[in-house]
Every structure is written in structure tokens, then in C-alpha cells.
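Read-outs: derived from the displayed coordinates by stated rules, not from any lab. The structure displayed is predicted, hence computed values, not measured ones. Backbone-built Cβ (ideal geometry, glycine too); neighbour counts: all protein chains shown.
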Amino acid sequence: MKTTIARLTASTFALSLLAAPVMAANYSDWDTDGTDGISETEFRAGFEKNEAFDRWDTDSNGSLSEAEFKEGIGDKEQAFSDRYGDGWFDDWDANADAGIDENEYYDGLYSSYDENNNDVIEEPEYGDLGDDMGDDGWFDV
Ligand SMILES: [Ca+2]
Ligand SMILES: [Ca+2]
Ligand SMILES: [Ca+2]
Ligand SMILES: [Ca+2]
């Protein structure tokens, strides 16, 4: 009995070690449905673990203003514009209400990472996403 418990504890511990860096994530962790590439649904499922949106939404109104983005992105502003293009805020703000709600946020991000616009994020495209969520990326929150 004792042995079983010890073994269980050990494997739980190993699992928690594995689970911790899931955020920094591998392509294969996101591509869960067996179809080629990361679809928008898979993207959203993977990205929702990132807390940037909630953390940056300082007035908690479910939408990010340009000022809230600036505050959240901090000194990575230049790299952020380089990645998404200078007009990213207006591009993402589909209903032009001067705020990016969660749907606009995921749509904007997804189409930015899908560089060849084929509605799938392939492994090479995933590289940028991995960088932005890794150490020193603006989504490493
Ligand atoms: Ca897939
Ligand atoms: Ca807000
Ligand atoms: Ca909007
Ligand atoms: Ca693509």
C-alpha cells in the first residue's frame, strides 16, 4: 500500500512538472484535433490560458482601449507594431468602437499569425507565436 502511494505521489509530481510550462507550449500541444495546422478554435483554446487580456483590461470592461494596450505592452511597443503592423489597433477593432473586445482580439491575433492567410497556422508560422509567448515576449505575463 505504502509503495502504491509513494508511486502515485511521484507520478503526480512528474505530471505537475510537465504541466507547468504548457503555456510556453509546443506546436503539438495546440494542434489537438488531428487536422493539419492550428485552426482558430485550437488557437483560442491554447491562447485562452494566457492572461494578458484580463490583466491589461485594467477597468475590467471586457475591452482593451489603445491606452490599456500601451500600458500592458510597456517597452515592447515597437516590437509589437513590427509584428502586427502599424495600424494593428484599427485593423483589429472590427466594429470601430475604439476598443478591442475578446473576439476582436483573438481574430486579430489569429489573422496576424496566419501570415499566408489560409486560415490555418502552420508550424513555421507558429514560431512567431511561440516567441511572443516565451520569455521576453509581450504575452509572457
Ligand atoms: Ca489542427
Ligand atoms: Ca478596458
Ligand atoms: Ca471593437
Ligand atoms: Ca497559414
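Quick query: amide H of E122 versus all other amide H atoms, modeled in the peptide plane; which residues come in under 5 Å with a sequence gap of 5 or more or a different chain?
I38
Between E77 and T32, what is the label-point separation in nm under the 7 Å Cα-to-beta-carbon projection?
3.6
Assign one of three labels to the range 73-137, namely rounded, prolate or oblate, based on the Cα gyration tensor with a ≥ b ≥ c the square roots of its eigenvalues; rounded applies when a/c is under 1.5, prolate when it is not and a/b is larger than b/c, and oblate otherwise. Walk me through the intermediate numbers first.
Numbers: a/c = 1.97, a/b = 1.18, b/c = 1.67.
Verdict is oblate for the range 73-137.
Put a dot 7 Å past each Cα toward the Cβ at S111 and E40; how far apart are the dots in nm?
0.9
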